[in-house]
Amino acid sequence: MRYFYLHLLLLFSSYSAISQYTISGKISDENNNPLAECHVHIQNKNAISHQDGKFSVFGIPKGKNRLLISYIGYETIDTTVVVTQNLVLDFKMKTSVSFINEVVVKSDGLEQKIKKESAQHVEIINQGFIEKNINGSLMQSLEKIGGINTISIGSGQSKPIIRGLGFNRVVVTENGVKHEGQQWGSDHGLEIDQYAVDQVQIIKGPASLQYGSDAIGGIIVIEKNKIPKKNTFGGSLTLTGKTNNELFGSSLNVFKRKESLFFDTRITYNDYADYKVPTDHISIYSYRAPLYKNRLRNTAGNELNLHFSTGILKDKFSSVFYISNLKTKTGLFANAHGLEPRNVDTELHDASDRDIQNPSQNINHFKVINRTKLNGNTFKLEFDLGFQNNFREEYSDYISHGYMPSNYPETLAIKETLERGFNKNVYSFNGKISFTINKHAISSGINTEHQNNSIGGWGFIIPAYTQTNAGLFMYDKFKITKKTILHTGIRYDYGTIKTKSYYDWFTTPVNGNNEYLQRANTVKKNFGNISWSFGINYNSDYLLMRANIGKSFRIPIAKELASNGVNYHQFSYELGNPDLSPEESYQLDLGATWQKNKIYVDINPFLNYFSNYIYLNPTPEYDYAYGAGNQIYEYTESRVLRYGGELKIDYNFNDNYTAGIVGEYVYSEQLSGVKKGYTLPFSPPPSVLLHFTYSKDFGQNIQNTFASVDLKYVTEQNNIVPPENKTPDYHVINLGLGSDIVWGTQKVNIRFQIQNVFNKKYFNHTSFYRLIGVPEPGRNFVLFVKIPF
């Protein structure tokens, strides 16, 4: 490694020896505000503007040279400069805006720039899209994106699925650091405040190269609110109301910046009642559970989120701290927890639709992140440090199962209602260096993470564990020609996981003796693997084409290796397998984007092969020691073939009317194992979204007015893996309306939705509660008001 960096130093030295002149200057917007991180390109030389908008490009030869300046959301500057001496040039960039539709906001400087420089399928979603489609959680607000589904847990929590893959196969990063909660459970949501999100970047397909082994299915990159401009003070107040679960939400943001120092703070609070479904009963394993006033009893909740960021911003150096604490308390559907759905105190739960009784869960997620950047003349250094604590408690009334005492022991040092507890501490470090050599843009880095997860409560499903991961990567983006870019990369990961032993706190009779049975052994596993990627882009005036092939892998998690307990939400008993190997995946991604005049077409097929997909398989055995005859599920491996893709077409009739279609399809098949020939669980069925939008400005006081209609049709899902149930096809209609109202200097953003207009009863195949026959929420009126100041 020492010789490698010495070789780079010699290259830099020899290159600067033949250089002649320097071009420097300042880049600003139309209001003379400096623009940071603009990309400057001239004669195979690259530079990035600093926080004050200044830039310098060294080693420019004498004569005519083509100069390109690009920045997200602005028109690219393409000009020729004649160099006979050192030059100081200032540039102003104009905002670039093209048509807006209800699926993705597109602009030449935003999505098109990233797609031109990426060999994978990338979607960019901004804050305006989230505000127009605000839903119960961030991931539910993004479901209109092709290839994106969610495992929803009621009306306020969800976790992402990308092209049929979810759980620990999808990585979510926030401000550069991988988000870590208890995401292994299907009832565990994503602890992200969608009001604090400025931009979301979604990469579909394996992204393990730069983000680590868990990104085998894709990555969701979340960036919080932008850093304020110099000498500004302001904020916004956001109010949200929903009729289905009678939600009231508010989010207050205040920020201030002088020259180099700034702060940005936000507080978000939501409170909601039991949500309503378009049925008066739920059939749970032959039992007809009636619903009072169509409400899913005990699904109320509340959340309080606090955010604070501060830092220092210099010309070539910046260091920003992000601190957040998200606290939620939610009830769990009372009839879907435990071993007997009939034994529910309906009188207690139905007395109020806003109280939270047992079963319930309390979650607190605390996070501290530091992002530091150093911009040199020929390189860029980035460092991300993170600490997270995810504290989760699951409460339930004590019920004796198996050989547990019929009455809760007073001497047991565990709260009687605390069924399970998880306390995870995560320490993260990412480092990356980026530089250019001729036509090569090279980045190299390291990702490390250490987890320590302890457990509590009188129930058990997974043991306490520690896990450490580290990875090294190198990535090269080579501009073969002006229109063609070659991408190559390689990564090595090493991980170790150690689960701790666990014994029951109660005795079980064994051969005439009462013994404390061991539920989990001490298991230590080490894993190492190589990932690689090879891709290419071709960009013409109207057509973008991309292809990428790569190999990725995923380390088994503690639940897959060592679980041994009842999953009360799914009436199952789950057993881990300590002999599991890492998942290995090979995927081919293709894509083409064509945009000309009024038409935009984007198609993205993929082919994916797993040599060993880890799978929770139902067995013919039943557990009677810890439950009431729950079927036993065991983790196993099988070869899996997957293919599918997304299609998006938009047509802009004129300045006011836009129509489009978004379709998605995923097929999965197990090629080996006891479920050979079957699909994978939570496989989304094919779907198509038709949308129509009218937009217009009505003078200076009524701006950005829009009205939209969305019709989503989802086919039946008959391709299932037992014991999943088939789901019928359905269609659902949503309406949207919004405008920016201006009174003097004050602007108010108003967004209104009617979700599920006709109160349709339907089943989302990827929903958590769908497993027990719970339909999606009924009609919902949503009002969103944002008042910037």
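The values are calculated or read from the model by the stated rules, or taken from the named source; none is laboratory data. This one's a predicted model, so the numbers in the text were calculated from it and none came from an experiment. Methodologically, a virtual Cβ is constructed for each residue, glycine included, from the backbone with ideal geometry; neighbour enumeration extends over all protein chains shown.
See the values below:
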| read-out | value |
| --- | --- |
| Pairs with Cβ under 9 Å, 6+ apart, first in segment 376-396 and over 22 Å from Thr417 (Cβ atoms) and without any contact (Cβ under 8 Å) to a residue 40 or more places away in the chain, second charged (D, E, K, R) and part of a strand (DSSP E or B) | Asn389/Lys367; Asn389/Lys424 |
| Filter pass, Ser406 being of a type in the set (Ser, Thr, Tyr), outside the structural domain of Ile48 (by TED's automatic domain parsing) and surrounded by 18 or more Cβ atoms within 10 Å (Cβ to Cβ) | no |
| Residues of segment 634-684 classified as of a type in the set (Lys, Arg), buried (at least 21 other Cβ atoms within 10 Å of the Cβ) and within 24 Å of Phe610 (Cβ to Cβ), total | 1 |
| Count - residues of segment 60-71 that are more than 10 Å from Ile42 (Cβ to Cβ) and buried (at least 19 other Cβ atoms within 10 Å of the Cβ) | 2 |
| Tabulated pairs, segment 589-612, first free of Cβ contacts under 8 Å to residues at least 40 places away in the same chain and among the aliphatic types (A, V, I, L, M), second assigned to a strand (DSSP E or B) and surrounded by 18 or more Cβ atoms within 10 Å (Cβ to Cβ), C-beta under 7 angstrom, 6+ apart or interchain | Leu607/Gln587 |
| Hey, Lys26 modelled with pLDDT of 75 or more and more than 34 Å from the chain's Cα centre (by Cα) or not | yes |
| Any hit, segment 479-493, residues being among the aromatic types (Phe, Trp, Tyr), part of a loop (DSSP other than H, G, I, E, B) and in the same structural domain as Ile549 (by TED's automatic domain parsing) | no |
| Residue list for segment 285-310, filter: surrounded by 19 or more Cβ atoms within 10 Å (Cβ to Cβ) and farther than 20 Å from Asp274 by Cβ | Asn305, His307, Ser309 |
| Count of segment 243-259 residues which are more than 30 Å from Arg354 (Cβ to Cβ) and either in contact (Cβ under 8 Å) with a residue 60 or more places away in the chain or among the acidic types (Asp, Glu) (or both) | 1 |
| Verdict on Asn447 being buried (at least 17 other Cβ atoms within 10 Å of the Cβ), touching a strand residue (DSSP E or B) at 6+ places or on another chain (Cβ under 8 Å), under 30 Å from Ser118 (Cβ atoms) and not acidic (Asp, Glu) | yes |
| Cβ-Cβ under 8 Å pairs, at least 6 apart or on other chains, segment 716-731 side of a type in the set (Asp, Glu), far side assigned to a strand (DSSP E or B) | Glu716/Thr727; Asp729/Tyr713; Asp729/Val714 |
| Residues (out of contact with any strand residue (DSSP E or B) (no Cβ under 7 Å at 6 or more places or on another chain), in a loop (DSSP other than H, G, I, E, B) and aliphatic (A, V, I, L, M)) located in segment 260-301 | Ala273, Val277, Leu296 |
| Strands (runs of 3 or more DSSP E) enclosed by segment 119-225 - at least 3 residues per element that are touching a residue at least 24 places away in the same chain (Cβ under 8 Å) and over 25 Å from Gln753 (Cα atoms) | 170-174, 218-224 |
| Among the candidates Lys524, Lys498, residue that is in the same structural domain as Ser434 (by TED's automatic domain parsing), over 26 Å from Ala119 (Cβ atoms), loosely packed, with under 12 Cβ neighbours inside 10 Å and touching a strand residue (DSSP E or B) at 6+ places or on another chain (Cβ under 6 Å) | Lys524 |
| Considering residues of segment 424-458 that are among the hydrophobic types (A, V, I, L, M, F, W, C) and in contact (Cβ under 8 Å) with a residue 60 or more places away in the chain only, the residue farthest from His188 (Cα to Cα) | Ile437 |
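Yes/no matrix, rows are residues, columns are (1) over 20 Å from Asn362 (Cβ atoms); (2) in contact with a Phe, Trp or Tyr (Cβ under 8 Å, 6 or more places away or on another chain):
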| position | (1), (2) |
| --- | --- |
| Phe383 | yes, yes |
| Phe387 | yes, yes |
| Ser396 | no, yes |
| Tyr403 | yes, yes |
| Asn407 | yes, no |
| Ala413 | no, no |
| Glu419 | no, yes |
| Val426 | no, yes |
| Phe429 | yes, yes |
